[in-house]
Amino acid sequence: MYSGYIDIDEIKRKIRKLKKLEMKIRFGNAVFFDGKQGFKKDHCADLVWDEFFDLHPQCNKKVRFSLRSLTSMNKEELKSVIREFFFSVYYRYYKENGIVNVHLYDPQLLAQMGLPYDADNDLIKKKFRELAKKYHPDTGGDSIKFIELMENYKKLVE
């Protein structure tokens, strides 16, 4: 194995720690820890972690990063994934608690537009114009995708 890569057990351990960190950030310790199994599943049904990762060898659900994709990354790529994960966790936490900053954009909407989680307003406008030309019905594009693009853009710039 290339020396820049991390072994599979270490990746699993680190990614599982991210799940626990998300639960602590978003839900705290007191109510959700049951002493045996860790956090109760019913309180954690909407974890960002579940949208990002699947650590099963045969990835069965739609996630951003499977175990296979994580094991093929070098350390810098993994750091980038973790930064994106924490951005999404804090975005969700801020949104749930009514403290979303004007300068934070919904990472899911950005991903749907093919943008990085840390895109700025100029990049969002540029990508919007590019996709609008592609999907506009007058130029032979898909009207459903165009409407979805318009709705997503409106949510981002509000």
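The values are calculated or read from the model by the stated rules, or taken from the named source; none is laboratory data. The model shown is predicted, which means the values in this text are computed figures rather than measured ones. Cβ atoms come from the backbone with ideal geometry, glycine included; neighbour counts cover every protein chain shown.
With the checklist (1) without any contact (Cβ under 8 Å) to a residue 40 or more places away in the chain; (2) touching a strand residue (DSSP E or B) at 6+ places or on another chain (Cβ under 7 Å) in hand, flag the one item PHE128 doesn't pass.
Of the numbered conditions (1) without any contact (Cβ under 8 Å) to a residue 40 or more places away in the chain; (2) touching a strand residue (DSSP E or B) at 6+ places or on another chain (Cβ under 7 Å), the odd one out for PHE128 is (2).
For segment 92-146, how many residues are under 27 Å from ASP46 (Cα atoms) and hydrophobic (A, V, I, L, M, F, W, C)?
Counting residues in segment 92-146 that are under 27 Å from ASP46 (Cα atoms) and hydrophobic (A, V, I, L, M, F, W, C) gives 11.
Any residue at all in segment 15-31 that's touching a helix residue (DSSP H, G or I) at 6+ places or on another chain (Cβ under 9 Å) and at pLDDT below 85?
yes
So ASP118 fits all but one of (1) surrounded by 15 or more Cβ atoms within 10 Å (Cβ to Cβ); (2) over 11 Å from the mean Cα position of the chain (by Cα); what number is the exception?
(1)
Across segment 81-112, what is the number of residues that are within 14 Å of the chain's Cα centre (by Cα) and either under 17 Å from TRP49 (Cα atoms) or surrounded by fewer than 19 Cβ atoms within 10 Å (Cβ to Cβ) (or both)?
20
Before we move on, is ASP50 charged (D, E, K, R), part of a helix (DSSP H, G or I), modelled with pLDDT of 85 or more and not assigned by TED's automatic domain parsing to the domain that holds LYS133?
Yes; evaluated as a whole, the condition is true for this residue.
Tell me, yes or no, whether segment 61-79 has at least one residue that is surrounded by 12 or more Cβ atoms within 10 Å (Cβ to Cβ), free of Cβ contacts under 8 Å to residues at least 24 places away in the same chain, assigned by TED's automatic domain parsing to the domain that holds PHE27 and within 15 Å of ASP118 (Cα to Cα).
no
On the given criteria, is LYS133 surrounded by 13 or more Cβ atoms within 10 Å (Cβ to Cβ), at pLDDT 90 or above and in a helix (DSSP H, G or I)?
So LYS133 fails the test.
Could you list all residues from segment 53-89 that are assigned to a loop (DSSP other than H, G, I, E, B) and among the aliphatic types (A, V, I, L, M)?
LEU55, VAL63, MET73
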